[in-house]
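Please treat every number below as a calculation from the coordinates, not as lab data. Note that the coordinates shown come from a computational prediction; the quantities given were computed from them, not determined experimentally. Note: ideal-geometry Cβ built from the backbone for every residue, glycine included; neighbour counts use all protein chains shown.
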Amino acid sequence: MTLKALAVYPDSCFVRMQVIKALRTHPGLRRLVYISCNPESLVANAIELCTPSVDKTEIGNTNNRGWRNMSSSGLARHRAKSMPNSEPFQPIKAMAVDLFPHTPHCELVMLLERIEMEEDYRNLVEYGICEFSEIIVFLKTMSCVVADPPSRRLSLVVQTSSSLLNAASIPVEMKDSNTVNELRQLLLTRKILPMDDYMFIHKQRIMRENCSLRWHGVENGDCLYVFKGTVSRSGY
């Protein structure tokens, strides 16, 4: 049976670091109930359980004696830097239970749950995969690909500039699947426009030659403006 939830009830001391690392790196453990009679130890262990893993674990300096003056929380933050890469827990709820009335002693119960990470950031160990594990891969065909809608016939107006055909309005019928280059070739083949380089503009945007009218959002009755010239697109 896969372990998914666990309760820990240490004595007045802290949960050992080896146990904390085992809890953090256990692939199936998602929920943890921590019962403590010492709130200070619970806070320290919660820091170790809930601090996100750093990209590179830090190894403490054995010659540094500053840890002797640290509080338990400070030591926990220092130990958390050497925590192996794993999903941290997060506190969900906590409550005090008075098992010894009329005394200063009180039990503290805290529920911690695993923080879900993005699938792309998970390690294989998070799925229980280890050395010599067998992985079966299923390849599924994409049956939900949306087909392109059928072509529509569009009635357009190609508007020239004042320096080109005296600002003429040219009615044109084309399919919305036709490209801008096909529109240009149509106008040149029918000798409506003289042989030259042209660029088309739709709704104040320069149109791309290899893209369809549908791609540009051209609708029935729209007006396209044509000017002499070419467009150089770096990076395309």
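Observations
- 3J(HN,Hα) couplings calculated from phi for the stretch 195-202 with the Karplus curve 6.51 cos²θ - 1.76 cosθ + 1.60 (θ = phi - 60°) are, in sequence order, 4, 5, 8, 9, 10, 10, 10, 10 Hz; Gly and Pro show x.
- Close amide H contacts of L154 (hydrogens built in the peptide plane, cut-off under 5 Å, sequence separation of 5 or more or a different chain): M174, K175, D176.
- With only Cα atoms counted, the stretch 153-228 has Rg and Dmax values of 11.1, 30 Å.
- Of the peptides 18-25, 169-176, 45-52, the ranking by mean beta-carbon count within 10 Å, highest at the top, reads 45-52, 18-25, 169-176.
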